[in-house]
1. What are the residues in segment 107-136 that are surrounded by 10 or more Cβ atoms within 10 Å (Cβ to Cβ) and over 14 Å from A204 (Cβ atoms), if any?
2. Return the residues of segment 165-212 that are acidic (D, E) and more than 37 Å from the chain's Cα centre (by Cα); say none if nothing qualifies.
3. Just for segment 115-164: of the residues that are more than 51 Å from the chain's Cα centre (by Cα) and of a type in the set (A, V, I, L, M), which one is farthest from L196 (Cα to Cα)?
4. So K161 clears everything in (1) at pLDDT 95 or above; (2) of a type in the set (D, E, K, R); (3) not in a helix (DSSP H, G or I) except one condition, right? Which one?
5. For segment 67-82, enumerate the residues that are exposed (fewer than 11 other Cβ atoms within 10 Å of the Cβ) and farther than 20 Å from T43 by Cβ.
6. Out of the residues in segment 123-154 that are among the acidic types (D, E) and without any contact (Cβ under 8 Å) to a residue 12 or more places away in the chain, state the one that is farthest from Q171 (Cα to Cα).
7. Going through N197, N175, N184 one at a time, which residue ends up being over 30 Å from R108 (Cβ atoms), in contact with a Lys or Arg (Cβ under 8 Å, 6 or more places away or on another chain), modelled with pLDDT of 95 or more and part of a helix (DSSP H, G or I)?
8. Quick check: is even one residue across segment 222-230 surrounded by 11 or more Cβ atoms within 10 Å (Cβ to Cβ), more than 33 Å from the chain's Cα centre (by Cα) and small (G, A, S)?
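The values are calculated or read from the model by the stated rules, or taken from the named source; none is laboratory data. Note that the structure is predicted; figures quoted are calculated from it, not measured. No Cβ is skipped: glycine too gets one built from the backbone with ideal geometry, and neighbour counts run over all protein chains shown.
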Amino acid sequence: MAPELRTSLARVFCQGTAALLLAMFAASAQAQASLLYVCTSATGHTISGDRPPPECKDREVRVLNPDGTVKQVISAPLTKEQRRAREEAEEARLRQEEAERAQARKDRALLETYGSADEIEASRARSLAARQVLVERSEQRIAQLQRERKRLDDEAEFYAKREMPPKLKGQFESNAALLKAQENARADALQEIQRLNERYDAEAKRYRELEALAARAAAAREREGGAQPY
């Protein structure tokens with residue numbers, strides 16, 4: 001193709017494109033200009049114009065087509081209370097989603113740790129047995145210290161009317177401190193047993209719930225499969 005012809009065609013194409021863009025812009029501007037913005041002011045008056053009325057900056061505005069149909073509704077800006085309510089609702093939604101994700105992680109860990117409810121009970125038994133050993137050991141030591149205290153009390157009767165020797169006083173103090181320590185150790189072990197029972201109770205309950213959910217899901221899939229036409 002000759003260079004002159006290519007140049008001529010390019011010029012025609014550019015002119016045609018520019019004309020098309022101008023026509024589209026003019027049509028858009030005309031359509032925009034023909035729209036009507038209508039709102040109801042705070043005093044109850046209907047206000048309209050070819051652009052959103054400033055009197056209704058905090059009101060809902062309806063955008064009408066030339067034939068009177070509603071093209072768009074511009075919602076009124078949220079009040080301070082509404083914004084706060086929306087933010088609180090969003091925060092609550094995010095908290096709920098995080099709680100659901102955390103529960104899903106716990107459920108996966110539970111199912112990966114135990115293969116059945118019986119395994120949960122077996123793990124409970126092992127954990128409680130170890131703590132029960134601590135309880136029994138403390139109780140044996142407490143009984144021993146109480147016998148020693150009885151012996152000290154009997155010996156102290158000889159000093160009812162005179163000052164008790166420093167050595168005997170020290171034995172009383174040592175016995176009381178050791179007894180207190182063993183009673184605390186027993187209380188801690190019993191509290192740990194209670195905590196473990198509560199944990200295993202919750203795990204067993206949740207495991208049974210997950211089993212029930214899985215069974216219902218399997219039954220639903222089976223029903224759906226049986227309902228499909230051959």
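1. R108, A109, A130, R131, Q132, V133, L134, V135, E136
2. Within segment 165-212, E173, E183 meet the criteria.
3. Residue satisfying both the conditions and the ranking: A160.
4. Failed condition: (1).
5. Of everything in segment 67-82, those that are exposed (fewer than 11 other Cβ atoms within 10 Å of the Cβ) and farther than 20 Å from T43 by Cβ turn out to be D67, G68, T69, V70, V73, S75, K80, E81.
6. E136
7. Among N197, N175, N184, only N175 is over 30 Å from R108 (Cβ atoms), in contact with a Lys or Arg (Cβ under 8 Å, 6 or more places away or on another chain), modelled with pLDDT of 95 or more and part of a helix (DSSP H, G or I).
8. Among the residues of segment 222-230, not one is surrounded by 11 or more Cβ atoms within 10 Å (Cβ to Cβ), more than 33 Å from the chain's Cα centre (by Cα) and small (G, A, S), which makes the answer no.
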